[in-house]
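Reviewing the structure listed below.
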Ligand code: G3H
Ligand code: 13P
Ligand code: NA
Ligand code: ZN
């Protein structure tokens, strides 16, 4: 059944487990998430970026998510907008039936340039007002991640300032808050070993009372990049956040864990394998089917490792 983001995340926060939020662009990804949720009896957050919604012409992805809800009446499901960049983007998602929206006011509408605190407050408040009136939850973000969120020209990561986070939550009434503690989007997160600012996370947890969100939380496992490279891919030096670090973050108070890259890797590795081993195949089901199975297995493992399993 469709539930709000707040419902799933407050429950997770209270009981101390993490809920993965998995990005989707197509039917196979949605089916893989639901198969994993069913297998492990986990609540799920299915999230679509602005790019994903545009790619699918909005309606297609919206209705595929609704199909997941119809097919899985016993699993709590959140339809979530990932990285909304304006009130307008939030309204579009809410019109489509989403039960949760992110407004990433840490960046300007271009999705690249770091914004001011006052801009973030203003755009976040406008989304909260609109969304809450319709029973929709809101995730905001403060601080900047690396990767796609590098400020133009600066290239710097600004870890979240705990005092600023506290003030921000009080001034906006958001339901969850994404913070920057050293993660970044994509498959190249760290030059050397992974390094998260757990001390900053602890401080934030002590100061705010709403669920905390971690973006850029893919693990980029060597097994997957190894497969991609083995079957003709080229991803040298890819690194992510080890599962042990994510489990530590959950213990310290993170409730929502955003995963896109690992899913992409699982699909790509499986498709490359089929193309390499069976070059005579050309029926999309012959490679999208195995890709869907590989993604299901990846997410089953994550649901167990995050502690989501059994909480549907
Ligand atoms: O935060 C970014 C997500 O991984 C979505 O990526 O904007 O390429 O769909 P995308
Ligand atoms: P990854 O690139 O680490 O999967 O992060 C995804 C994300 O944060 C989506 O909002
Ligand atoms: Na940010
Ligand atoms: Zn993100």
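Of note:
- Of all residues in segment 28-44, those satisfying the criterion of being away from ligand 1 (no atom under 16 Å from the Cβ) and surrounded by fewer than 24 Cβ atoms within 10 Å (Cβ to Cβ) are 31, 34, 35, 38, 39, 40, 41, 43.
- Of all residues in segment 195-225 being within 13 Å of residue 159 (Cα to Cα), touching a helix residue (DSSP H, G or I) at 6+ places or on another chain (Cβ under 7 Å) and within 16 Å of ligand 4 (Cβ to nearest atom), the one that is modelled with the lowest pLDDT: 196
- Residue pairs meeting the criteria (Cβ under 6 Å; at least 6 apart or on separate chains; first over 17 Å from residue 188 (Cβ atoms), in segment 259-286; second within 16 Å of ligand 3 (Cβ to nearest atom) and part of a helix (DSSP H, G or I)): none
- Hits in segment 258-307 - residues which are over 15 Å from the mean Cα position of the chain (by Cα), part of a loop (DSSP other than H, G, I, E, B) and closer than 29 Å to residue 247 by Cα: 307
- Breaking point among (1) outside any helix (DSSP H, G or I); (2) more than 16 Å from ligand 1 (Cβ to nearest atom); (3) farther than 25 Å from residue 251 by Cβ, for residue 79: (2)
- Condition check for residue 111: surrounded by fewer than 24 Cβ atoms within 10 Å (Cβ to Cβ), part of a loop (DSSP other than H, G, I, E, B) and either modelled with pLDDT of 95 or more or touching a helix residue (DSSP H, G or I) at 6+ places or on another chain (Cβ under 9 Å) (or both): yes
The values are calculated or read from the model by the stated rules, or taken from the named source; none is laboratory data. Everything quoted here is computed from the prediction, not taken from an experiment. Positions of Cβ are generated from backbone atoms using ideal geometry, with glycine treated the same way; all protein chains shown enter the neighbour counts.
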